[in-house]
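**Student:** Got a structure for you, questions after.
Taken together, the values in this text are just the output of simple stated rules run on the coordinates, not laboratory data. Everything quoted here is computed from the prediction, not taken from an experiment. All Cβ positions, glycine included, derive from the backbone under ideal geometry; neighbour counts span all protein chains shown.
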Amino acid sequence: MGNKQTIFTPEQLDAYQDCTFFTRKEILRLFYRYRDLAPQLVPLDYTDKPAVTLPYELIAGMPELKDNPFRQRIAEVFSEDGDGNLTLDDFLDMFSVLSEMAPRDLKAYYAFKIYDFNNDDYICKSDLEKTVNKLTRNELTPEEVRLACEKVIYEADADNDGKLSLEDFQQMIIRAPDFL
Amino acid sequence: EKDKEDESKEENSSSQQNRASRRKSLQKKPGDGKKAGEEGSRQRERGKKAPTKDQKESENKERKTNKKGKEEENKQKKDRKNSTSSASSNSSDEESLSEEELAMLMEQVEQKKKLISTMRNKPWRMVKKLSVLREAQAFVEKFEGALGKGKGKKLYAYKMMMAKKWVKFKRDFDNFKTQCIPWEMKIKEVESHFGSSVASYFIFLRWMYGVNLVLFGLIFGLVIIPEVLMGMPYGSMPRKTVPRAEQATAMDFSVLWDFEGYIKYSALFYGYYNNQRTIGWLKYRLPMAYFMVGISVFGYSLMVVIRSMARNANESTADGDDDNFVFSWKMFTSWDYLIGNPETADNKFASITTSFKESIVDEQESNKDENIHLRRFLRVLANVLIICCLCGSGYLIYFVVKRSQTFSKMQNVGWYERNEVEIVMSLLGMFCPPLFETIAALENYHPRIGLKWQLGRIFALFLGNLYTFLLALMDDVNEKLAEEDVVKNITRWTLLGHHNSSVENGSTATPPPLDPADVPRGPCWETTVGIEFVRLTVSDILVTYITILVGDFIRACFVRFVNYCWCWDLEAGFPSYAEFDISGNVLGLVFNQGMIWMGSFYAPGLVGVNVLRLLTSMYFQCWAVMSSNVPHERVFKASKSNNFYMGLLLLILFLSLLPVAYTIMSLPPSFDCGPFSGKKRMYEVIQETIELDFPLFVAKIFSYVANPGLIIPAILLMVLAIYYLNAVAEAYQRANTELKKKMQMQREEEKNKRNNKASTNPMLQDLEDLLTPGTKSESHPKQAEDKKTESPTRTSPVGKHRKAAPLNGIPMTGGRGAAFTPPPHMFMRQPPTLGVWAPYPGQPRPRGHPPGPVLGRGRGQPRY
């Protein structure tokens, strides 16, 4: 293993600390986590910013995401190409947002993106259906799913356009006791 | 592709935004970034030059302004089209311009700095964040030197440097601090297996460990160490010597185990301390220190608990009991993102499914009366049962305590009789919580609410037990006090007799002092109390550990290995594996802490025992939970606002403060042991110190302050202040609910209106749709999208435009603020749309998003 100093330059580390909620040690730990996913792909020297991208299959195998029903969406939202393949920057971004230090507004923003399956900047009924099905592993009948989705839209849709905009979503989720 | 497009757009917008702001501040700065950079470097040169030639200040200034003038001209040439009029006006009064410019620049630099510090809150991609960060940093670097003028410049540069150093130091310190947090990985591991609720217990345990470490440091450093190092050595005086009668057995393990013998006469307990006013060459005032440490243990604990409560209260924005968003919250917040274990995930999926089904059923038949009646009946029944249990346990303890008093008068009692109270209390603590849990299953609450009920009940149980125990102890103390008077006389007579006998012998030399082991002793009730608490704590530790070992580990082993040759499936059937009992563990911890607080005044070593206990239990319980527990069947998340634990802790702290305060204020200390011996009351040590060590006027002031005439008005004032603040808080609360109601009404109204419109005049709707020009429908989605990506940052451009607008660290100003600023007028402006209930998925809806003036303000006009 290389010396800690050779992975990133101090400026890089400082910049990462400015851009994420992590300390130096955590950034390095995350780097090693990232590298452990594919030691043959990721170089130990990041000072010249190699353009390394890890495929989604590797990311989804991480214990943090393995059991998450939304793992694919999470990876897609944070990946640069939208297919779930992450560079180190994206990787750090993802963990920064998901960390407990991130403010709720930021989390709400990304949560919105995650639940917005078809990327049309609204959570519409099809998105909601997908969410419910993922949450319950398709164990609800279509009728129940439809009902639940209708209820959600009825509750949270403030401007009444039949789908949830980011504002609707934030209004709703900021007040949720469970939203961390 | 879309993302890339997005990004380029963002990039574009941000550079444009920078450009706009720069143009505004420097008024005729060329739009191109490179040119700006050039200019910046020139400016920086100037900045560098200035401090070196400080003595030629005035000349320099002149030169500078000249230079500036030239530059101005240059710039003017470069973009004449941009701002000719302002430039000409500028050149007329150069002096004021440069100042103004500097001020603007300064403001801009400040803004950039703010941007840097809030960079992590922006929902941008890392690449963009990095580039913007670099840009901002470069900007700050460049222009920082140029700020300030004349003498102020050097100071400013210095200040900037110090600020930079400070930031760096703070960051390093934070790095260091996070490295110092122990058990982070352990807790994270537990968290990933069992969800955040179990982890919250361990976090609480860790917090408690920190608090206890501080208390231990206080007591150990200020009381125990000085007494051991500088006080009279062991065996030099009666209170520090084992009496003759006990010496034979003082080292036996069975005696030591009861904290008698040598342990009783060690620095672990109150009785060991001497009442000498000052000890050692430092003239350390030990009795005073003892008293002050005893008080500051409570003071520090109170402060810490209340501070963390306040912080939690600030963090929790949610009011929880908002019925508006049942399904939405279920949909979007039910997954615990910390789960990383397939079994837990399975349980979670199942619980989410059932909760969805439940609420759907509830929704479908919301007016199901008999069901509610049944549930109410069950809840009342459960409460009755639990109250019966509580009364029963209270009576049992009372009975046992009474019996133990008769036992204590007898000689030759067995081990069981001596420890009956502790055993019964531990057994009650072991068996009642599961019983309560079984009863609580009748009630069918949400697990989080159920947990609170459970906690409350166990709390009541423990509290009853503790106070019965205390009452028994008080009886004991009173008996000891009566006994003491007798012993006091005996001791005096013994000493006198010894003295007289030596005088009678006719020896002129001083008589050989009586051996300290032979002096008759008082019962020293303080040490007795201390020993009781230490014993209780130790037995509590043992019971906890044995429960874990037997109830969890042995059971898990049994289930795991006997399952191969058993009639039914042990893992799925009756014994199965244990779940981690959050409520019981939390309460155990809280009560243990209460005992520590109560006992630490009479047994300074108790906190050390507790630190050891917490340390071992961290490792032991982590191991136990990972090895032999299964995740909860209904996994639920701990809310961030876990003020409930803290509230319990505060209550216990208060309740444990009461008996200690009572004994300090109104019981006479023993005459022959402890730091306060010889005084009428313990608090007299303060009066003594003030009279002897402070100048006279301090004593006078103190006597005035202690006057009830002053204290009563002060208390009155405090009560009034509390009343006032409470009233204000209530008013806010009312306003809050009022606003909420208004919002709700507005929404309903809007909905109705929209429904009516959509149903009554679709023709008008169609017309309006036709009337919207194609160009508009093209530009709108872009704007909407732009708004979406930029909306969390929209405060910053606003701040740039308005000089005084404060940029608060977090964009989108907190949850509460966002919740309170509904822009209803925004909704009003929105043109009615057709088919509210049947949107076309995937198809971009140009008019769907209101191009509200409020949101668009930061942006200005569309920029194409």
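**Student:** Can you sort B:Tyr602, A:Tyr110 by how many other beta carbons sit within 10 Å, fewest first?
**Tutor:** Ranking B:Tyr602, A:Tyr110 by Cβ neighbours within 10 Å, fewest first, gives A:Tyr110, B:Tyr602.
**Student:** Let me ask you something else. How would you order B:241-254, A:143-156 from highest to lowest mean count of nearby Cβ atoms within 10 Å?
**Tutor:** Top of the packing list down: A:143-156, B:241-254.
**Student:** If each residue of separation counts as 0.36 nm, what is the full-extension length gain between B:Cys180 and B:Trp493 once their alpha-carbon separation is subtracted?
**Tutor:** Net length gain for the segment: 106.8 nm.
**Student:** For the cross-link pairs A:Lys113/B:Lys112; A:Lys134/B:Lys330; A:Lys151/B:Lys753; B:Lys240/B:Lys283; A:Lys151/B:Lys122, which exceed 23 Å when the distance is taken from alpha carbon to alpha carbon?
**Tutor:** Among A:Lys113/B:Lys112; A:Lys134/B:Lys330; A:Lys151/B:Lys753; B:Lys240/B:Lys283; A:Lys151/B:Lys122, the Cα-Cα distance tops 23 Å for A:Lys113/B:Lys112; A:Lys151/B:Lys122.
**Student:** Between B:Met745 and B:Tyr300, with labels modelled 7 Å along Cα→Cβ, what's the label distance in nm to one decimal, could you check?
**Tutor:** With each label placed 7 Å out from Cα toward Cβ, I get 5.4 nm.
**Student:** Moving on. For B:Phe697 and B:Lys452, compute 0.36 nm times the residue count separating them, minus their Cα-Cα distance, and round to one decimal in nm.
**Tutor:** That pair, B:Phe697 and B:Lys452, stretches by 82.9 nm at full extension.
**Student:** Order of B:Ser236, B:Ser393 from fewest to most other C-beta atoms within 10 Å?
**Tutor:** The most exposed by this proxy come first: B:Ser236, B:Ser393.
**Student:** Moving on. In nm, to one decimal, how far is the modelled label at B:Arg734 from the one at B:Lys159, with both set 7 Å along Cα→Cβ?
**Tutor:** For the pair B:Arg734/B:Lys159, the computed spacing is 4.6 nm.
**Student:** Still on this model: Suppose the chain between B:Asn419 and B:Tyr398 were pulled fully straight at 0.36 nm per residue; how much longer would it get relative to their current alpha carbon spacing?
**Tutor:** Length difference between fully extended and current span is 6.1 nm.
**Student:** Which of B:Phe169, B:Phe574 has the fewest other C-beta atoms within 10 Å, and how do the rest follow up to the most?
**Tutor:** Fewest-to-most Cβ neighbours within 10 Å comes out as B:Phe574, B:Phe169.
**Student:** Before anything else, pin down the relative contact order of the range B:100-180: Cα pairs under 8 Å, at least 6 apart, normalised by residue count, whole percent.
**Tutor:** 29
**Student:** What order do you get for B:294-307, B:269-282 when each peptide is scored by the mean count of other beta carbon atoms within 10 Å, highest first?
**Tutor:** The peptides rank, most packed first, as B:269-282, B:294-307.
**Student:** Just checking the output field for A:98-108: average partner chain Cβ neighbours within 10 Å of each residue's Cβ?
**Tutor:** The shielding value for this peptide is 5.
**Student:** Going by the alpha-carbon gyration tensor, a ≥ b ≥ c the square roots of its eigenvalues, is chain A rounded (a/c under 1.5) or, if a/c is not under 1.5, prolate (a/b greater than b/c) versus oblate?
**Tutor:** Verdict is prolate for chain A.
**Student:** Note down the magnitude of the dipole of the range A:10-98 about its Cα centre, charges +1 on Lys and Arg C-beta and -1 on Asp and Glu C-beta and zero elsewhere, to the nearest 20 debye.
**Tutor:** Charge dipole, the range A:10-98, about its Cα centre: 380 debye, nearest 20.
**Student:** Enter the mean number of other protein chain beta carbons within 10 Å of the beta carbon of each residue in B:174-181, as an integer.
**Tutor:** Average per residue, whole number: 3.
**Student:** Still on this structure: Would any residue of the range B:641-685 have its amide N under 13 Å from a label point 7 Å out along Cα→Cβ of B:Leu481? List them or say none.
**Tutor:** The answer is B:662-671, B:680-682, whose backbone nitrogens lie closer than 13 Å to the label point.
**Student:** Given R₀ = 22 Å, what would the calculated FRET efficiency be for B:Lys680 paired with B:Thr278, taking r from the Cβ atoms and rounding to 0.05?
**Tutor:** Result of the calculation: an efficiency of 0.60.
**Student:** Let me ask something else. With only Lys, Arg, Asp and Glu charged, each at its Cβ (+1 for the first two, -1 for the last two), find how big the charge dipole of the range B:586-737 is about the Cα centre; round to the nearest 20 debye.
**Tutor:** Charge dipole of the range B:586-737: 460 debye, to the nearest 20.
**Student:** Residues of A:89-95, mean number of Cβ from any other protein chain within 10 Å of their own Cβ, rounded to a whole number?
**Tutor:** 3
**Student:** So how far apart, in nm, are the two label points at B:Leu655 and B:Val550 if each is 7 Å from Cα heading toward Cβ?
**Tutor:** It is 2.6 nm.
**Student:** Quick one: dipole size for the range B:395-492, taken about the Cα centre, charges +1 on Lys/Arg Cβ and -1 on Asp/Glu Cβ, in debye to the nearest 20.
**Tutor:** 160
**Student:** What FRET efficiency would be calculated for the residue pair B:Ala706, B:Leu381, taking the C-beta separation as r and a Förster radius of 56 Å, to the nearest 0.05?
**Tutor:** 0.55
**Student:** How high is the FRET efficiency from B:Trp623 to B:Tyr662, r the C-beta distance, R0 56 Å, rounded to 0.05?
**Tutor:** Efficiency, from the Cβ-Cβ distance: 0.85.
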